[in-house]
Amino acid sequence: MHCAFCLKNSLLELRLRLAISDLIGAMLSSDLQGKLRHNSFVNIMDGALFGFGVMGLASYVTIIPLFLSYLTESTALIGFVAALFHIGWQVPQLLTSGYVAGLTRFKPTVLVTTLFERVPFFGLALVALALPAIGADAALLLTLVLLGIQSLGGGFTGTAWQSMISKIMPAHYLGTFFGIQSAAVNLFGAGGALLASVILERLAYPESFAWLFAIAGISMMASYVFLALTFEPKSAKRDVVEGLRWRAFGSKLRRILRADRNFRWFLVARGLTSLSLTAISFYTIFGIRRFDLSPEFVGGLTSVLLLMNMLTSSVIGWIGERWGLRRVLILANFLTVLAIAIALAAEDPRWFYLVFALTGMVNSTQWSTIMTITVQFCSVADRPFYIGMANSLIAPVTVFAPIIGGWLVDAVSFELSFGIFALAGLLSVLVFVVPMHDPSNGLAV
C-alpha cells in the first residue's frame with residue numbers, strides 16, 4: 001500500500017511537470033510537446049512490464065544465480081555469467097554509437113534489436129523444462145548461450161534506446177522521468193519477485209524455473225507492445241554524421257576524450273563504481289553457502305531488493321535535480337561499501353534483508369543517475385558518442401571483475417573478493433570528490 005502511494009505521488013509529480021512543460025518551448029518540438037504525456041505513459045508501462053519479467057521473475061541478481069547453483073558449483077562460472085551480462089550490455093554500445101548518431105529516427109532500431117533481449121527467456125523456459133532429459137551440462141551450456149544473446153540484445157539496443165528517450169523527453173526532465181520509470185520497473189518487479197517466491201515454494205525444480213522464465217518472456221513481450229507505441233518524429237539531417245567511417249569515428253572519440261577532462265574522470269569513477277558493484281553478483285551465492293538459503297527465501301530477498309529500488313526511484317530524480325547528481329553517486333557508493341560490510345559481518349540470514357535493501361537503493365540510484373548525468377556532458381549531436389563511451393570504455397572492468405572475483409572466491413575466500421570490491425567503492429568516492437566536478441553543459445540540447 002505504501003509502495004503504491006509513493007508511485008502515485010511520483011505520477012502526480014509527473015503530471016504537474018507535464019502541465020508546465022508547454023511553457024518551455026525550446027526544450028521540445030511542437031510535435032513532441034503534444035505527445036509528451038503519451039510518450040511518458042507508454043514508456044513507463046514498457047518499463048513496468050519489463051521489470052515484472054526480467055527484474056522480478058528472472059532476476060540476474062537472485063533467480064539466475066539460484067538456477068545456475070543447481071547446474072554448477074563453480075563460483076567462477078557463475079561470475080562469468082555476470083560478466084556475460086556486462087559484455088552484452090556495454091561492449092556493443094560504443095560499436096553502435098556511430099551508426100546510431102546517423103539515424104533520423106531511433107525507434108525502428110530499438111524495436112528490432114530489443115527482440116533479442118526478450119525472446120531468449122522462452123528459450124530458458126524450454127531448457128528448464130527439458131533439463132531432466134538433457135542433463136545439467138547441456139542445460140548449463142544452453143543457458144550460457146541464451147543469456148549471452150539476451151545481454152547482447154540489451155547492449156545493441158542501449159545506445160539507440162537512451163538516445164530515443166533523450167530526444168523525446170525535455171532535457172531538464174530526464175532525471176525525474178528515469179526515476180519514475182525506474183519506480184514503476186521496481187514496483188512491478190517486486191510483484192514479479194513475490195510471484196517467483198510462491199512458484200519456487202510450490203513447484204519442484206526444474207518445473208518452477210520453467211514457469212518463471214515463461215511468464216517472464218510473456219511479460220517482456222507485453223512491454224514490447226507499449227514500447228512500439230512510442231511517438232518519435234524524424235530528426236533534422238544535421239544529426240547525420242560520418243558514423244560508419246571507422247577512422248573518422250575513432251578520431252571523433254579521441255577528440256572528445258582529449259578535450260573533456262571532466263568526462264575522463266567520470267569514466268574513471270564509473271570504472272571503479274562498476275568494480276564495487278560486482279559484489280552484487282555474489283550476494284546470493286554467498287548467502288546460500290553460508291546460511292543454506294532456501295529458494296523461497298531468495299525470492300523474498302528479490303522482493304526486498306525491488307521494493308527498495310521502487311521507493312528510492314520515486315524520489316531519486318527529485319533529489320538529484322536539487323542536490324546534484326554527483327553527490328547522489330557519492331552517497332550510492334558509500335551504501336555499496338556498507339552493504340558489503342554487512343554481508344561479511346552477517347551472523348543470521350535475516351541480515352541479508354538489509355544487504356538487499358541497501359543494494360536496491362544503490363541499483364535504482366546508479367541506473368537513473370548515471371544515464372542522466374552522462375547526457376549532461378554534451379550536446380544532443382554528441383550524445384550517442386558519450387553514451388557509448390560511458391558504457392563501453394568501462395567494459396574491461398565489468399567483464400573481468402566478476403570472473404576474477406569468482407576465481408578468487410574459489411581459490412581463496414569470499415572475504416578477499418568482497419574486500420577488493422569495497423576498496424574500489426571507496427576509491428570511486430575519492431575520484432567523485434576530488435578531480436571530478438558537475439558537468440558544465442547541464443541542460444545541453
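The values are calculated or read from the model by the stated rules, or taken from the named source; none is laboratory data. Just so it is clear, the model here is predicted, and its values are computed rather than measured. Glycine gets a Cβ as well: all are built from the backbone with ideal geometry, and neighbour counts include every protein chain shown.
Within region 197-234, the set of residues being within 24 Å of residue 311 (Cα to Cα) and over 20 Å from the mean Cα position of the chain (by Cα) comprises 197, 198. Could you tell me whether any residue of region 205-214 is crowded, with 20+ Cβ neighbours inside 10 Å and under 28 Å from residue 395 (Cβ atoms)? So far as region 205-214 goes, yes, one or more of its residues are crowded, with 20+ Cβ neighbours inside 10 Å and under 28 Å from residue 395 (Cβ atoms).
Test residue 222 against the criterion of being surrounded by fewer than 22 Cβ atoms within 10 Å (Cβ to Cβ) and in contact (Cβ under 8 Å) with a residue 60 or more places away in the chain, and give yes or no.
Working: surrounded by fewer than 22 Cβ atoms within 10 Å (Cβ to Cβ): yes; in contact (Cβ under 8 Å) with a residue 60 or more places away in the chain: yes.
Yes: the conditions hold for residue 222.
Would you mention how many residues in region 26-53 are at pLDDT below 90 and in a helix (DSSP H, G or I)?
Here is the first cut: in region 26-53, the residues at pLDDT below 90 are 26-37.
Okay, now just the ones that are also in a helix (DSSP H, G or I), so 30-34, 36-37.
So the answer is 7.
Taking first residues from region 354-373 that are under 15 Å from residue 334 (Cβ atoms) and partners that are small (Gly, Ala, Ser) and part of a helix (DSSP H, G or I), the Cβ contacts under 6 Å between residues at least 6 apart in sequence or on separate chains come to 355/339; 355/343; 358/339; 359/339; 362/332; 365/332; 366/332; 369/320. Taking region 296-315 as the range and being buried (at least 23 other Cβ atoms within 10 Å of the Cβ), farther than 30 Å from residue 174 by Cα and not hydrophobic (A, V, I, L, M, F, W, C) as the test, only 299 passes.
I'm trying to understand the selection: among the residues of region 236-251, which are surrounded by 14 or more Cβ atoms within 10 Å (Cβ to Cβ) and either more than 27 Å from the chain's Cα centre (by Cα) or modelled with pLDDT under 55 (or both)? Walk me through it before giving the result.
Residues of region 236-251 that are surrounded by 14 or more Cβ atoms within 10 Å (Cβ to Cβ), as a first pass: 239, 241-243, 249.
Hits for region 236-251 are 239, 241, 242, 243.
Every listed requirement among (1) modelled with pLDDT of 50 or more; (2) in a helix (DSSP H, G or I) is met by residue 60 save one, (2). Every listed requirement among (1) surrounded by 21 or more Cβ atoms within 10 Å (Cβ to Cβ); (2) out of contact with any Ser or Thr (no Cβ under 9 Å at 6 or more places or on another chain); (3) at pLDDT 85 or above; (4) among the hydrophobic types (A, V, I, L, M, F, W, C) is met by residue 346 save one, (1). The lone criterion from (1) in contact with a Phe, Trp or Tyr (Cβ under 9 Å, 6 or more places away or on another chain); (2) closer than 22 Å to residue 201 by Cβ left unmet by residue 307 is number (1). The residues of region 316-332 that are surrounded by fewer than 18 Cβ atoms within 10 Å (Cβ to Cβ) and at pLDDT below 85, listed by number, are 318, 321, 322. Taking the criterion of being surrounded by fewer than 23 Cβ atoms within 10 Å (Cβ to Cβ) and over 20 Å from the mean Cα position of the chain (by Cα), the residues of region 104-124 that qualify are 104, 105, 108, 122, 123.
Give region 282-317 a look and list any residue that's of a type in the set (S, T, N, Q), touching a Leu at 6+ places or on another chain (Cβ under 8 Å) and more than 18 Å from residue 348 (Cβ to Cβ), or say none.
Answer for region 282-317, where residues must be of a type in the set (S, T, N, Q), touching a Leu at 6+ places or on another chain (Cβ under 8 Å) and more than 18 Å from residue 348 (Cβ to Cβ): 303, 314.
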